[in-house]
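Structure record follows, encoded as structure tokens.
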Amino acid sequence: MEAAATSKVDVLIIGAGPAGLMLSLWMAKLGVKTRIVDKRTGKIVSGQADGFQCRTLEIFDSFGIGHKVWHEANHMHEVSFWNPDEDGKIRRHHRGPNTQPNLSRFTEAVLHQGRVESILIDTIRASASPKHPLVEIERSVMPTSLHIDESCVDDEDAYPVEVTLRHLTEEEATPTQRLSNLQDGLYRSNLAEDDTERLLANTAGVGREEKVQAKYVVGCDGAHSWVRKTLGEEYQMKGESTDAIWGVLDIIPITDFPDIRSRCMIHSAEFGAMMIIPRENKLVRVYTQLKQVSTGTGRVDRSQITPDVILETARKILSPYTLDYHYIDWWTAYQIGQRVGDRFSKHNRVFLTGDAVHTHSPKAGQGMNVSMGDTYNLGWKLGLVCKKLLQPHVLDTYELERRQIARQLIAFDQKFSKLFSGRPAKDASDEAGSSMSEFQQAFREAQLFITGVGIHYQPSILTSDSDLKGGLQGTETPSQSQVTSLAESAAHCQPGRRFASQIVLSQADARPWELQLHLPSNGRFRVVVFGGDISQATQLATVNKLGGWLQANWMTDEDPSIVDVLLVHSGPRDKIELLQDLHEVFHPFDKKLGWDYGKVFADDHGKAHKHYGVDPDRGAVVAVRPDGYIGLVTGLEAEDGWTRLQAWFGGLLRPSPSSS
Ligand SMILES: Cc1cc2nc3c(=O)[nH]c(=O)nc-3n(C[C@H](O)[C@H](O)[C@H](O)COP(=O)(O)OP(=O)(O)OC[C@H]3O[C@@H](n4cnc5c(N)ncnc54)[C@H](O)[C@@H]3O)c2cc1C
């Protein structure tokens, strides 16, 4: 074989599933030199993940692609719980909202993973420009070795990670399907043996190889992660598998079951549990517990599992209703297990994300969402560090923040799966059975977590500490943040939570806007100034003074500046003149494009101020991270507001301009 060629890249991503693609999207948007490789010839065509949670839709919307998913997906508004009656027949016991109202602009939506990956890939390609290099997925490529030069991990200009990549033939990179005429997901299931070692052995000395020196390598290579295994024993995931096996069918059903277009959780008396997920294009996903498939020998006999076996089980659970189909889109089976790693990064140079560092059962619709959540969290940090706009120690917060979420996910899934897979209790004295009312209650209580809206990152250098606590708390000892929020300034804006949306009116043209739409994912920090009633001269003067200070201190020479400023005021809109009354930072001027009319919003009845917990007589400042999470809450005045902002930005950004 020829000597391997060597090249350099800022970020090398291994794996082009949801986690790898979300990371690539950030890199493409921020213009970071990136390569992404995947061992498979093509992406998923159908099946696999489908549940899209509210927070993930908000994130997609912040990249300008939320509407694509929203329009194509099925929206799941309702959930029904069916349990056995005294006579053993299933009956609808409860029907309610699938997503708790008013948590988000969105409700849970369902669209298959292949389509989600296509939308991401198209957006990554479309982000290329003269300033932003094209990030193209390189398929049929896998790593064979990874070495970290520990002598230079602290030198930010160094490329300390060397990876050897091997290029496979199409045949080697194409997984075998069990049934030749039908897509199955068994090759990706946790019931399947990992083929990485076999592929590496079969292609040794044959495939073309190259060496890549990278500043950062990110393992997005799924549950069997080669990157994780290569990092060593202390990176292995810990946890357990249960003996519960579930089958999945994506079909267009022909049935007299009345709730087939609602999400349903069905428990039968004898034949196990089933979940129905109504999908796009008349499809329905059916999850059934396969009680008859043996796990006695420790490994499941996969030949026992076929679409017919899954359908037969579904029919028994659904009886006396009937179920059949003519069209099947995809099928798979999996074993329930929950595992999570202790460490998500090595020297902040190699990172693990998504299924590579946490796995759990699919029914709660979390894996794709949390995996993309990992790289949504990591991406902007990595991108801004590569561009030398952010201090490298901010990368510490990736493991701190996302391990907390992964542990919460595992705890939630253990509880949810146990209740779902358990036999329904006959009555209160049946301790071996699962209480169906407890199951419904667990589902309702977990809404904040399931939707992703309840994420609450713990205090750190990025998330200031606050004395107002609540909601989902971290499971770890918080690291000391350097700055404390003046929490009462905006009492409902808790640092560490996502900045929620409210409708406000454009000052320039009265158009109503979801405020979140003015915080797009483009790598910029946002200072959202709640000005209160700026028709009052003293309040206007305070806001303008703050504007001047922000302009002088944090509007950098970068184009666009890494800090963006928005103003929401509660004064009467027609008493304010945008260009005359307000400091230029609120309507910046561009020689070619003129004034920016999109930064000032009126909150005529003070509804948004109230929602965010801001006293209109005093106002507040909320500093939002590039991923839409609140970093700092403070006041408008120099004494409390500016000093805290100065300290907070000073600990994150660089070079740190001096305060005037
Ligand atoms: C039946 C089913 C239903 C599900 N439903 C949902 C749902 O409704 N909602 C939800 O959020 N999640 C769901 N999930 C989970 C979801 O599919 C996963 O959690 C998600 O795909 C994880 O994304 P990832 O990018 O981390 O890993 P993966 O999607 O596994 O992607 C990993 C990628 O890395 C590549 N790769 C692997 N090894 C290598 C290597 N050595 N070199 C190069 N490339 C490599 C793979 O080819 C793959 O493209 C479901 C899963 C299943 C099985």
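The values are calculated or read from the model by the stated rules, or taken from the named source; none is laboratory data. Predicted model only: the values in this text are computed from it and were never measured. Note: ideal-geometry Cβ built from the backbone for every residue, glycine included; neighbour counts use all protein chains shown. Only protein heavy atoms, including side chains, enter the accessible area calculation; ligands, DNA and RNA are left aside. Shrake-Rupley method; radii C 1.70, N 1.55, O 1.52, S 1.80 Å.
Beta bridges from DSSP with both residues in region 456-650: antiparallel share about 60 percent, rounded to the nearest 5. The spacing between region 302-326 and region 530-580, judged by their C-alpha centroids, is 62 Å.
On the beta carbon distance between ASP195 and THR242, with R0 = 35 Å, the FRET formula returns roughly 0.90. Taking all protein chains as shown and a probe of 1.4 angstrom, GLU558 keeps an accessible surface of around 80 Å². Rolling a 1.4 angstrom probe over the chain with all protein chains present gives an accessible area of which 49% lies on carbon and sulfur atoms. Two numbers describe the Cα atoms of the chain: Rg and Dmax, which are 26.1, 79 Å. Summing Cβ point charges (Lys, Arg +1; Asp, Glu -1) relative to the Cα centre of the chain gives a dipole of roughly 520 debye. Judged by the mean number of other Cβ atoms found within 10 Å, the most tightly packed of the peptides 17-25, 404-412, 285-293, 624-632 leads the ranking 17-25, 624-632, 285-293, 404-412. With contributions of -39500 (n - 2.57) from each DSSP H run of at least four residues, the per-residue ellipticity at 222 nm computed over the chain stands at -7500 deg cm²/dmol. Computed extension length for ASP157-ASP574: 144.9 nm, one decimal, from 0.36 nm per residue of separation with the Cα-Cα distance subtracted.
Note on LYS29: aspartates and glutamates with a C-alpha under 18 Å away, same-chain residues under 8 apart excluded, are ASP10, GLU58, ASP61, GLU117, ASP122, GLU136, ASP374, GLU558, ASP559, ASP564, ASP627.
Average accessible surface for region 1-111: 37 Å² per residue, computed with a 1.4 Å probe over protein heavy atoms with every protein chain in place. Secondary structure note: in the chain, about 70% of the DSSP beta bridges are antiparallel. Largest first, the residues LYS610, LYS229, LYS43 sort by 1.4 Å accessible area into LYS610, LYS229, LYS43. Considering only TRP26, GLY379, HIS75, and ranking their Cα positions along the charge dipole of the chain that arises from unit charges at the beta-carbon of Lys, Arg, Asp and Glu, the one farthest toward the positive end is HIS75. Applying 0.36 nm per residue to the separation of ASP640 and LYS607 and subtracting their alpha-carbon distance, the gain on full extension is 9.4 nm. First measure r as the distance between the Cβ atoms of GLU210 and HIS326, then evaluate 1/(1 + (r/R0)^6) with R0 = 51 Å and state the FRET efficiency to the nearest 0.05. Here the calculated transfer efficiency is 0.60. Using a 7 Å offset from Cα along Cα-Cβ at ALA491, what residues in region 584-620 end up with backbone N under 16 Å from the label point? Only 607-620 fall inside the zone, counting backbone N under 16 Å. Say the cut-off is 30 Å between C-alpha atoms; which of LYS89/LYS363; LYS68/LYS415; LYS388/LYS610 go over it? Listed pairs above 30 Å: LYS68/LYS415; LYS388/LYS610.
Cross-link reach is defined here as a Cα-Cα straight distance under 13 Å, omitting same-chain residues fewer than 8 places apart; for LYS545 the aspartates and glutamates meeting it are ASP581, GLU584, GLU637, GLU639.
Which whole-number percent gives the relative contact order of region 456-650, counting Cα pairs below 8 Å spaced six or more residues apart? Answer for region 456-650 is 30 percent. In this label model, LEU517 and GLU150 are separated by 5.2 nm, measuring between points 7 Å along each Cα→Cβ vector.
With Cα atoms defining each centre, region 215-263 and region 417-468 are spaced 20 Å apart in the structure. Look at the dipole of region 203-314 built from charges on Cβ: of TRP226, TYR216, VAL248, the Cα furthest out on the positive end belongs to TYR216. Annotation: per residue accessible area for region 519-660 equals 42 Å², rounded to a whole number [probe 1.4 Å, protein chains only]. When both bridge partners sit in region 1-145, DSSP labels roughly 60% of those beta bridges antiparallel.
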